[in-house]
Amino acid sequence: MSTNTHVAETYSAKTQKFFRKRLKDLHARFASQLRGEAELVQKHGGGAKDVYEVYGDREMRAFETDSCEGLRGGEVQQISLREVRDAYLEPVGKAIEQLRKDVDRPLRVLEVGCGNATNLMLLNQRFPGVAFSGIDIAEGRIAEGRKYWGERLTSVELAQASATDLSLFADKSFDLVYSVCALEQIPYSLGDAVREMVRLADRRIVCVEPVFEFGNEAQRLYNVVSDQVRTLLPELVRQCTTVERHGLLPTLHNPLNPVGLLVATP
């Protein structure tokens, strides 16, 4: 497994203080859970789907106008949601550009856990001629995306399905299969989701997801307390032929959630 050129962040004194405070808070939350004062394990899946079904269009409106606390260049600062989204989609765009050079027909690309299809809207505008598809477990979220983005999703195929069962697609149906901060929500079904992505991808898999191994102490404890996926890297190593690239992205939406890049050959 080859490494990329990522160099670990050098945090400023202000950012180090941020992580020390968050670590203290997370230790307190974890101790509370262990004493039985809160749910020890909050399983994601059905509950998350119910929440997403009633999201409405607030995610899309926030994407266009809002900012968030993020980590960039070792500093915690306010970053626009559009800039964060661009940073997360950059490796997907690079994979598409590379595959376009290697494939002499329209590319077929699938997003697993596409939500309201904002990622697909942006990529569809950037790469005309690529056949984009997306699936999400929340049918209402897909419908809201269709309504909000309108003609900007023209030709994009969207379907309601679980990431763990994509039997509506045949083997090797797509040149590229990718996910962006979606697999993090299925810690108890990750193996099945990765298996489906490997089955469907003919050439490349790109995961822009929190990666437990890339985090500092506060970030790892956040993953534990939040009960998010902590086995994505070993799962890809186990199921894929090669993990070609791995490392942190330079811009993080949540400083405590170390979003990384994993590029694999199925």
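The values are calculated or read from the model by the stated rules, or taken from the named source; none is laboratory data. Predicted model only: the values in this text are computed from it and were never measured. All Cβ positions, glycine included, derive from the backbone under ideal geometry; neighbour counts span all protein chains shown.
Values for this structure:
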| read-out | value |
| --- | --- |
| Residue tally, condition buried (at least 20 other Cβ atoms within 10 Å of the Cβ) and without any contact (Cβ under 8 Å) to a residue 60 or more places away in the chain, over the stretch 236-256 | 2 |
| When residues of the stretch 137-155 are limited to those that are touching a residue at least 40 places away in the same chain (Cβ under 8 Å) and of a type in the set (D, E, K, R), the one farthest from GLU64 (Cα to Cα) | GLU139 |
| Residues of the stretch 96-149 that turn out to be closer than 23 Å to GLN185 by Cα and assigned to a loop (DSSP other than H, G, I, E, B), as a count | 7 |
| Every residue from the stretch 105-126 that is of a type in the set (D, E, K, R) and over 18 Å from PHE169 (Cα atoms) | ARG105, ARG126 |
| Identity of the residue in the stretch 120-168, polar (S, T, N, Q) and within 19 Å of LYS49 (Cα to Cα), that ends up surrounded by the fewest Cβ atoms within 10 Å (Cβ to Cβ) | GLN160 |
| Residue in the stretch 254-266 that is within 13 Å of the chain's Cα centre (by Cα), among the small types (Gly, Ala, Ser), within 24 Å of VAL103 (Cα to Cα) and in a strand (DSSP E or B) present | no |
| Subset tally (residues that are at pLDDT 95 or above and touching a His at 6+ places or on another chain (Cβ under 9 Å)) for the stretch 222-235 | 1 |
| Count of residues meeting criterion [in contact with a helix residue (DSSP H, G or I) (Cβ under 9 Å, 6 or more places away or on another chain) and farther than 15 Å from HIS253 by Cβ] in the stretch 82-111 | 7 |
| Filtered residues of the stretch 257-266 (kept if among the small types (Gly, Ala, Ser) and in contact (Cβ under 8 Å) with a residue 60 or more places away in the chain) | ALA264 |
| Selection from the stretch 57-75 of residues that are in a strand (DSSP E or B) and either modelled with pLDDT under 95 or closer than 25 Å to VAL206 by Cα (or both) | CYS68, GLU69, GLY70, LEU71, ARG72, GLU75 |
| In the stretch 115-142, the residues that are under 18 Å from ALA182 (Cβ atoms) and hydrophobic (A, V, I, L, M, F, W, C) | ALA117, LEU120, MET121, LEU122, LEU123, PHE132, ILE135, ILE137, ALA138, ILE142 |
| Cβ-Cβ under 7 Å pairs, at least 6 apart or on other chains, the stretch 100-122 side over 30 Å from ASP57 (Cα atoms), far side buried (at least 23 other Cβ atoms within 10 Å of the Cβ) and modelled with pLDDT of 95 or more | VAL103/ASP175 |
| Those residues of the stretch 190-225 which are among the small types (Gly, Ala, Ser), buried (at least 19 other Cβ atoms within 10 Å of the Cβ) and over 14 Å from the mean Cα position of the chain (by Cα), in sequence order | ALA201, GLY215, ALA218 |
| Hits in the stretch 140-182 (condition: closer than 16 Å to ARG195 by Cβ and of a type in the set (Asp, Glu)) | ASP165, ASP171 |
